[in-house]
Amino acid sequence: MTRLSYTKALNRALADELAADPAVCVFGEDIGAGLAGPTLGLLDRFGPERIVDTPLSEQAFTAMAIGAALSGRRPVIEFQIPSLLFLVFEQLVNQAHKFSLMTGGQAGVPLTCVVPGSGSRDGWAGQHSDHPYSLFAHAGVKTVVPATPTDAYGLLRSAVRDPDPVVVFAPAAALPVRETVTWALEPIPLGSARVHRPGTDVTLVAVGHLVHDALAVAAELADEISVEVLDPRTLHPFDWAALAASLERTGRLVVVDDSNRSCGIGAEVLATAAEEMRLIAPPRRITRPDGAVLPFAPALDRALQPGREQLRHALRAVMKQPGTTK
């Protein structure tokens with residue numbers, strides 16, 4: 001039995017993959033010192049040939065990593081803040097993602113991007129606080145958002161082993177999470193959702209760190225509403241079968257997602273459920289507002305993010321809707 005933090009889980013996953021496969025290497029800024037946490041100690045253990053501390057140019061080292069992947073390596077890139085993904089979006093989506101598709105599988109890019117600190121951190125303001133995972137899911141890039149240390153470990157190991165590019169978002173609000181581990185850590189298949197709490201009244205789909213808020217609210221309302229908490233873990237490919245099975249049990253749906261409302265993953269979940277699954281009441285979503293840019297002031301920052309009071313209101317609201325048969 002051991003106590004495992006989210007950041008340590010990422011670090012252990014990288015170390016285990018580096019030890020298991022000599023093709024794995026890591027690129028990024030300040031990774032030699034392990035300033036963000038996931039790469040701490042890796043330089044001393046695996047050397048500068050595999051742990052490459054890069055200059056401050058995301059486009060340069062992303063291009064280098066794509067080339068390394070095309071040459072048979074399995075590179076991992078650490079991006080310290082999510083907005084850096086905007087700088088390399090063309091390289092990841094238009095190049096790395098499409099090489100295999102446009103060559104009939106003759107060229108592959110097994111590249112993993114890790115963002116340890118996605119979303120809001122106190123005082124980091126607008127250019128450091130995005131959750132752009134919906135952009136990658138929309139483009140068809142494999143997109144992962146773990147909520148717990150064990151999921152962070154297992155999904156990152158699977159991402160590194162995957163033959164395609166994968167972006168792993170580690171939400172800043174999840175990094176302090178610790179978990180008691182009583183079993184051997186194992187890779188977790190991409191595209192597999194997890195039911196954290198079974199229920200019969202409402203399915204609550206929560207993305208990333210919001211799983212912990214969802215579980216807290218579900219426990220608080222347990223005498224009033226039986227809430228099933230579903231963590232998709234992978235946003236693309238999404239585990240639609242798990243969502244459909246949950247809605248067969250509950251028939252009601254709430255989604256909570258800490259990204260902007262328009263064109264977000266929350267909208268996609270609601271639309272697909274409405275088109276293809278069993279709903280007996282109109283679904284609801286809780287997100288950041290349309291076009292939100294988080295401000296520097298902590299109170300304003302938190303006011304734009306989904307919160308537990310919004311969750312309570314949404315769960316009670318869907319329960320008040322008259323049930324229908326569909």
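Values computed for the structure shown
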| quantity | calculated |
| --- | --- |
| Residues that are crowded, with 20+ Cβ neighbours inside 10 Å and either free of Cβ contacts under 8 Å to residues at least 60 places away in the same chain or of a type in the set (A, V, I, L, M, F, W, C) (or both), drawn from segment 200-220 | Val202, Thr203, Leu204, Val205, Ala206, Val207, Leu210, Val211, Ala214, Val217, Ala218 |
| Hits in segment 117-147 (condition: surrounded by fewer than 24 Cβ atoms within 10 Å (Cβ to Cβ) and in a helix (DSSP H, G or I)) | Gly126, Gln127, His128, Ser134, Leu135, Ala137, His138, Ala139 |
| Residue, nearest to Val318 (Cα to Cα), within segment 274-301, restricted to residues that are open to solvent by 60 Å² or more (accessible area, probe 1.4 Å) and assigned to a strand (DSSP E or B) | Arg284 |
| Any hit, segment 2-12, residues being at pLDDT below 95, in a loop (DSSP other than H, G, I, E, B) and open to solvent by 70 Å² or more (accessible area, probe 1.4 Å) | no |
| In segment 223-273, the residues that are modelled with pLDDT of 95 or more, open to solvent by 50 Å² or more (accessible area, probe 1.4 Å) and either acidic (Asp, Glu) or out of contact with any strand residue (DSSP E or B) (no Cβ under 9 Å at 6 or more places or on another chain) (or both) | Asp223, Glu224, Trp240, Ala241, Glu248, Glu268 |
| Condition met for Val167 (closer than 30 Å to Ala65 by Cα, in contact (Cβ under 8 Å) with a residue 40 or more places away in the chain and open to solvent by less than 10 Å² (accessible area, probe 1.4 Å)) | yes |
| Single residue of Glu90, Glu49 found to be open to solvent by 50 Å² or more (accessible area, probe 1.4 Å) and in a loop (DSSP other than H, G, I, E, B) | Glu49 |
| Count of segment 63-120 residues which are closer than 19 Å to Leu155 by Cα and basic (Lys, Arg) | 1 |
| Within segment 191-230, tally of residues that are assigned to a helix (DSSP H, G or I) and closer than 22 Å to Ala170 by Cβ | 7 |
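The values are calculated or read from the model by the stated rules, or taken from the named source; none is laboratory data. Please read all numbers here as calculations on a predicted model, not as lab measurements. Heads up, the Cβs are rebuilt from the backbone with ideal geometry, glycines too, and the neighbour counts pull from every protein chain shown. Remember, those area values only see protein heavy atoms, side chains included, never the ligands or the DNA or RNA. Shrake-Rupley method; radii C 1.70, N 1.55, O 1.52, S 1.80 Å.
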